[in-house]
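> Structure below; questions to follow.
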DNA sequence: CTCACATTGTGAAAGTTTTCACAATTCATT
DNA sequence: AATGAATTGTGAAAACTTTCACAATGTGAG
Ligand SMILES: NC(=O)c1ccc[n+]([C@@H]2O[C@H](COP(=O)([O-])OP(=O)(O)OC[C@H]3O[C@@H](n4cnc5c(N)ncnc54)[C@H](O)[C@@H]3O)[C@@H](O)[C@H]2O)c1
Ligand SMILES: NC(=O)c1ccc[n+]([C@@H]2O[C@H](COP(=O)([O-])OP(=O)(O)OC[C@H]3O[C@@H](n4cnc5c(N)ncnc54)[C@H](O)[C@@H]3O)[C@@H](O)[C@H]2O)c1
């Protein structure tokens with residue numbers, strides 16, 4: 001017996017996972033447009049990377065293309081979808097129904113296959129106990145019970161910076177394993193919770209800097 | 001005489017610039033709270049990095065701290081502000097007054113010292129020729145003239161993906177040198193224009209992946 | 001005044017990510 | 001069938017980023 005002692009599941013970098021998600025989005029379009037096959041350099045063009053990088057990324061999920069013909073769109077899309085976990089499957093919670101929160105609700109709602117925000121929370125009574133863009137809005141007091149009831153594992157934080165850590169702690173205790181954080185404050189959480197920060201002000205300041213000084217190529221990318 | 005032939009202005013990485021912007025934000029708070037000095041490890045805690053990294057970052061702008069006492073908050077803030085170009089100085093344009101665009105307008109408006117959105121554009125007549133959150137909204141047809149008139153160098157794109165490249169081209173021709181792009185499409189522009197992509201869907205998918213699989217530490221960060 | 005200590009500044013090591021470059025493979029055409 | 005052109009898969013190099021670790025340096029206590 002003894003656990004098979006896997007070759008220690010090769011861990012895949014955050015960067016690579018992000019790009020794989022992009023490839024999925026692109027392939028969804030290609031398949032919709034009835035494209036049969038696609039070359040690495042075409043994918044590179046559509047995501048802003050290099051062909052070599054596309055091939056390397058696809059290597060990690062064991063995708064196979066054929067020389068001179070490239071990758072089969074449908075097959076590759078299926079591989080990516082399986083690898084990344086089906087979209088639409090994951091239920092997402094939103095905390096903070098302010099200006100940004102409402103934009104995200106309308107966005108989630110519109111996305112075709114995308115991730116779905118199924119519950120939103122706020123502390124302001126006038127924002128709760130209603131349905132916005134098809135999503136039920138609850139008072140923050142019910143956060144734990146709703147998250148557990150619906151077995152939600154992913155959340156988005158869109159509350160003011162001062163409230164972010166408190167909200168994050170509660171989410172983590174309620175069982176959330178991954179958070180997208182829009183508040184400009186670092187979250188201190190156990191490493192079992194994955195956090196992705198989106199800091200719009202920081203991005204703007206970067207752009208201001210490089211717009212003023214000489215630019216720095218528009219390489220790499222994305223949040 | 002002869003131009004001093006600078007030691008070839010050491011080019012500073014995008015990552016570092018982003019963190020310097022974070023330090024500035026943190027220091028603004030510290031100064032507001034009348035803190036005299038700050039240690040590298042305190043800054044690290046408040047931005048989610050390591051003390052060594054903070055020191056290395058500050059090194060590139062030639063900041064000086066004193067052993068055992070750390071950095072002088074006021075002086076460091078001044079150095080950062082000078083290095084990054086004064087905030088509030090830079091005028092920003094917004095293209096796309098949809099759900100996200102309006103959230104950004106209200107945000108810009110609220111930010112204390114922050115970057116200021118001074119002109120917004122949309123193609124829909126019902127969104128233009130009014131003032132939202134203190135920002136004048138114009139029809140997209142007037143983009144070139146307004147941008148040139150106000151000498152705007154930085155813009156935010158918040159239009160649907162299909163329109164993004166077209167808008168970007170027009171911005172670049174009008175003289176914009178840096179763009180924050182929220183549309184999930186890569187922009188192909190001359191390298192003299194700096195582009196920072198913020199891809200919310202990609203970030204969410206990353207979080208979904210790492211929430212499902214074992215996590216990957218909440219290291220590094222931000223957009 | 002001297003000592004013990006906390007902290008900076010930084011060269012060098014370690015780690016990570018991207019790019020290069022090329023053999024192997026497939027397909028279209030002759 | 002053989003040739004040539006295009007493209008994949010991937011080891012190895014290059015480039016870049018972070019961490020380590022420690023000498024140098026102020027600071028405050030005794
Ligand atoms: N608006 C933007 O475009 C934008 C862009 C980038 C980042 N952000 C960040 O996103 C966050 C939200 O921004 P916003 O513009 O939507 O602000 P907002 O003030 O419009 O909305 C914040 C919402 O959070 C709610 N809230 C406050 N404390 C709470 C708590 N403890 N629990 C639950 N809900 C609480 C408020 O009632 C409000 O509805 C802020 O941290 C902001 O810095 C906003
Ligand atoms: N809403 C979100 O939370 C969110 C999050 C991440 C990314 N995004 C992306 O940001 C962009 C905008 O999202 P949104 O939710 O605000 O969409 P939206 O449909 O609410 O707004 C888009 C706006 O762009 C305008 N527009 C369309 N074509 C234009 C053109 N050629 N020139 C000028 N204006 C034009 C429309 O009139 C509309 O007002 C999209 O690319 C979306 O994928 C949105």
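Values quoted throughout were computed directly from the atomic coordinates according to the rules given, and no laboratory measurement underlies them. Here the structure is a predicted model, which means the values were calculated and not measured. Here Cβ is always computed from backbone atoms with ideal geometry, including for glycine, and neighbour counts include all displayed protein chains.
> Compute the long axis of helix A:99-110 from its Cα atoms, compare it with the longest principal axis of the Cα atoms of chain A, and write down the angle in degrees, 0 to 90, nearest 10.
50 degrees
> Something else now. Go ahead and estimate [θ] at 222 nm for chain A from helices alone: -39,500 (n - 2.57) per DSSP H run with n ≥ 4, summed, over the residue count, rounded to 500.
Estimated from H runs of four or more residues: -13500 deg cm²/dmol.
> In the range B:137-156, which residues have a backbone nitrogen under 13 Å from the label point lying 7 Å from residue B:173's Cα in the Cα-to-Cβ direction?
So the set is B:141-145.
> Could you calculate the contour length gain from residue B:188 to residue B:166, that is, 0.36 nm times the residue separation minus the distance between their Cα atoms, to one decimal place in nm? Walk me through the intermediate numbers first.
On the way: separation 22, 0.36 × 22 = 7.92 nm, distance 1.00 nm.
Full extension of this stretch gives 6.9 nm more.
> Another question, if that's okay. In Å, the Kirkwood hydrodynamic radius of the protein assembly as shown over pairs of distinct alpha carbons? If you can, show how the numbers build up before the last one.
On the way: mean 1/r = 0.0429 Å⁻¹.
Computed over Cα pairs of the protein assembly as shown, the Kirkwood hydrodynamic radius comes out at 23.3 Å.
> Using the 2.2 N^0.38 Å rule of thumb for compact globular proteins, work out how the range B:1-150 stacks up: its C-alpha Rg over that value, please. Write out the running numbers ahead of the final one.
On the way: Rg = 19.7 Å, N = 150, 2.2 N^0.38 = 14.8 Å.
Against the compact-globule rule of thumb, the ratio is 1.34.
> Between the helical axis of B:14-32 and the dominant principal axis of chain B, each derived from Cα atoms, what acute angle in degrees is found, rounded to the nearest 10?
Once rounded, one gets 70 degrees.
> So if I take the alpha carbon set of the range A:10-79, get Rg, then get Rh from the Kirkwood formula, what is the Rg over Rh ratio? Intermediate values should be presented prior to the final figure.
Values: Rg = 11.1 Å, Rh = 12.0 Å.
Result for the range A:10-79 is an Rg/Rh of 0.93.
> To the nearest 10 degrees, how steeply does helix B:51-60 sit against the main Cα axis of chain B, on a 0 to 90 scale?
70 degrees
> Ranked highest first by average number of other Cβ atoms within 10 Å, how do A:67-77, B:29-39, B:189-199 line up? Each step should come with its number before you reach the end.
On the way: A:67-77: 16.3, B:29-39: 14.2, B:189-199: 19.9.
Top of the packing list down: B:189-199, A:67-77, B:29-39.
> A further question follows. Between copies, how far does the label point of residue A:31 sit from its twins, in nm, shortest first, when each point is 7 Å from Cα along Cα→Cβ?
Its label point is 5.3 nm from the equivalent points in the other copies.
> What base-10 log of the normalised intensity I(q)/I(0) is obtained for the range B:90-201 from the Debye formula, alpha carbons as equal point scatterers, at q = 0.20 Å⁻¹?
-1.04
> What FRET efficiency would be calculated for the residue pair residue B:69, residue B:110, taking the C-beta separation as r and a Förster radius of 56 Å, to the nearest 0.05?
Working: r = 35 Å, r/R0 = 0.62.
The value I calculate is 0.95.
> How many partner chain Cβ atoms sit within 10 Å of a residue's Cβ in peptide A:39-47, on average, as a whole number?
Details: counts 0, 0, 0, 0, 0, 1, 2, 2, 4.
What the average comes to for A:39-47 is 1.
> If you don't mind, another one. Averaged across orientations, what area in nm² does the convex hull of the alpha carbons in the range B:35-123 project?
Working: hull surface 29.1 nm².
Its Cα hull, projected and averaged over all orientations, spans 7.3 nm².
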